[in-house]
Amino acid sequence: MDLSPSGVLELARSPHGKKMIRYTLVSVVSVIVSQIVLTIAFGGFHWTARSANILACAVATVPSYELNRKWAWGKHGKSHFWKEVAPFWTLAFIGLAFSTWAADFTESYVQRRHYGHGAQTLMVDFAALAAFGVLWVGKFVIFNKVLFKTHPEVLEDEPALDGRTGIPT
């Protein structure tokens, strides 16, 4: 892989590079949504880290699925339950289990050391985020090679889509 500026720019302009950029941006949206929900539920409402993280993951998975499927991978039409929806939610639940374990472990750790609630909230947020970061690359490979597999020739001539209707312009 050419990591020179021109090599990176060339990759970013390729169909695969565009998909990677879109996946990354969807992940940013998902992280923002989940971190807001987690911070409000744990930091504001004083839920347990486990309960707050479950809610945060459930809420963030809905826009993540839609944005990944339609925008990052350019799939349109009705979702196939067994080929797309169930595997996506399975991956989401794997992430949920791992991030919940990390958040719960961190909550126990910081409470035993008597950290203030603000520090506890930041550390629980970071633990959940780090857990998802570990799984991020693996999910891209699974989405790209299995779940939302597309043909490169379709992506090269991809029409612009109307942001409101999703119909090619």
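The values are calculated or read from the model by the stated rules, or taken from the named source; none is laboratory data. These numbers come from a predicted model, not from an experiment. Backbone-built Cβ (ideal geometry, glycine too); neighbour counts: all protein chains shown.
In table form, for the structure just shown:
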quantity	calculated
Any hit, segment 101-113, residues being within 30 Å of Asp2 (Cα to Cα), free of Cβ contacts under 8 Å to residues at least 12 places away in the same chain and of a type in the set (D, E, K, R)	no
Filter result for Lys83 (of a type in the set (D, E, K, R) and surrounded by 16 or more Cβ atoms within 10 Å (Cβ to Cβ))	no
Cross-chain or 6+ apart pairs with Cβ under 9 Å, segment 42-71 first and more than 20 Å from Ala127 (Cα to Cα) and of a type in the set (Phe, Trp, Tyr), then crowded, with 18+ Cβ neighbours inside 10 Å and modelled with pLDDT under 95	Tyr65/Glu84; Tyr65/Phe88; Tyr65/Ala92
Test: residue in segment 11-25 that is more than 10 Å from the chain's Cα centre (by Cα) and not in a helix (DSSP H, G or I)	yes
Counted residues, segment 121-161 - those being in a loop (DSSP other than H, G, I, E, B), surrounded by 10 or more Cβ atoms within 10 Å (Cβ to Cβ) and at pLDDT below 55	1
Criterion violated by Leu96 - all others in (1) in contact (Cβ under 8 Å) with a residue 12 or more places away in the chain; (2) surrounded by fewer than 18 Cβ atoms within 10 Å (Cβ to Cβ) satisfied	(2)
Residue check, Gly74 assigned to a loop (DSSP other than H, G, I, E, B) and either free of Cβ contacts under 8 Å to residues at least 40 places away in the same chain or under 30 Å from Val146 (Cα atoms) (or both)	yes
Close pairs from segment 17-35: first more than 19 Å from Gly7 (Cα to Cα), partner among the aromatic types (Phe, Trp, Tyr), Cβ under 6 Å, at least 6 apart	Tyr23/Phe140
Residue in segment 113-120 that is touching a helix residue (DSSP H, G or I) at 6+ places or on another chain (Cβ under 8 Å), at pLDDT 90 or above, closer than 17 Å to Val146 by Cβ and surrounded by 15 or more Cβ atoms within 10 Å (Cβ to Cβ) present	no
